[in-house]
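One structure below.
The values are calculated or read from the model by the stated rules, or taken from the named source; none is laboratory data. Here the structure is a predicted model, which means the values were calculated and not measured. Neighbour counts run over all protein chains shown; Cβ positions are idealised from the backbone, glycine included. Please note that ligands, DNA and RNA were not included when accessible areas were found on the heavy atoms of the full protein model with its side chains. Shrake-Rupley method; radii C 1.70, N 1.55, O 1.52, S 1.80 Å.
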Amino acid sequence: MITKVLMVCLGNICRSPLAEGVLQSKVDSEKVFVDSAGTAGYHIGNQPDKRSIAVARKYGLDISQQRCRKFDVQDFTNFDRIFVMDQSNYENVIAQTKNEAEKDKVRLLLSEGDSTIIEVPDPYYGGEDGFESVFQMIDNACEAIAAELDTK
């Protein structure tokens with residue numbers, strides 16, 4: 001059986017595409033499917049932010065083929081685990097749940113791993129440095145998720 005993991009941020013243009021690409025690189029694609037979405041539909045159909053693409057490329061990952069999409073309630077059925085980047089994303093996703101089983105699928109990404117920070121900050125309005133630090137946070141959390149899934 002394949003485990004399906006969804007990464008969620010606000011616009012699906014910076015953080016969640018990075019998280020999708022990073023986790024994909026750490027798991028067996030025949031055992032784990034990873035996707036991403038945004039709670040807002042600002043960038044539907046667009047590539048991730050060029051700065052996210054650049055920082056991913058720096059670490060040997062190509063996320064340029066991803067396309068932004070909006071989170072949909074059907075995602076609760078389609079995915080086993082839903083990781084959100086910050087408290088606002090968490091509240092937006094939880095508000096769409098219909099039952100405890102759906103709520104149980106949703107967790108803050110940085111609750112995984114050894115981070116003392118609970119939110120992945122949105123680097124969209126900042127500079128290149130923000131994308132680098134966000135990549136490192138996501139990489140650490142995805143390492144813990146991959147170890148938990150134990151697929152590679």
Problem - Which numbered condition LYS105 misses (of (1) touching a strand residue (DSSP E or B) at 6+ places or on another chain (Cβ under 8 Å); (2) modelled with pLDDT under 95) - result: (2)
Problem - Residues within the range 49-67 that are polar (S, T, N, Q), more than 13 Å from the chain's Cα centre (by Cα) and open to solvent by less than 50 Å² (accessible area, probe 1.4 Å), tallied - result: 1
Handout entry: LYS103 over 19 Å from GLY126 (Cα atoms), part of a loop (DSSP other than H, G, I, E, B) and either open to solvent by 20 Å² or more (accessible area, probe 1.4 Å) or in contact (Cβ under 8 Å) with a residue 40 or more places away in the chain (or both)
Key = no
Exercise for the section: Taking the residues in the range 7-43 that are outside any loop (DSSP other than H, G, I, E, B) and basic (Lys, Arg) as candidates, determine which candidate is most open to solvent (accessible area, probe 1.4 Å). Expected result: LYS26
Handout entry: the range 71-87, residues that are more than 13 Å from the chain's Cα centre (by Cα) and modelled with pLDDT of 95 or more
Key = ASP72, VAL73, GLN74, ASP75, PHE76, THR77, ASN78, ASP80
Exercise for the section: Report whether or not ASN46 is more than 27 Å from MET1 (Cβ to Cβ), surrounded by 12 or more Cβ atoms within 10 Å (Cβ to Cβ), of a type outside the set (A, V, I, L, M) and touching a residue at least 40 places away in the same chain (Cβ under 8 Å). Expected result: no
Exercise for the section: Answer with yes or no whether SER133 is surrounded by fewer than 17 Cβ atoms within 10 Å (Cβ to Cβ), outside any loop (DSSP other than H, G, I, E, B), without any contact (Cβ under 8 Å) to a residue 60 or more places away in the chain and among the hydroxyl-bearing types (Ser, Thr, Tyr). Expected result: yes
Handout entry: Residue that is modelled with pLDDT under 95, closer than 19 Å to GLY21 by Cβ and surrounded by 14 or more Cβ atoms within 10 Å (Cβ to Cβ), where the choices are GLU128, GLU112
Key = GLU112
Practice task
Could you grab me the full set of residues in the range 39-91 that are over 21 Å from LYS105 (Cβ atoms) and among the hydrophobic types (A, V, I, L, M, F, W, C)?
Solution key: ILE44, ILE53, ALA54, VAL55, ALA56, LEU61, ILE63, CYS68
Practice task
All but one of (1) touching a helix residue (DSSP H, G or I) at 6+ places or on another chain (Cβ under 9 Å); (2) at pLDDT below 95 hold for HIS43, so report the exception by its number.
Solution key: (1)
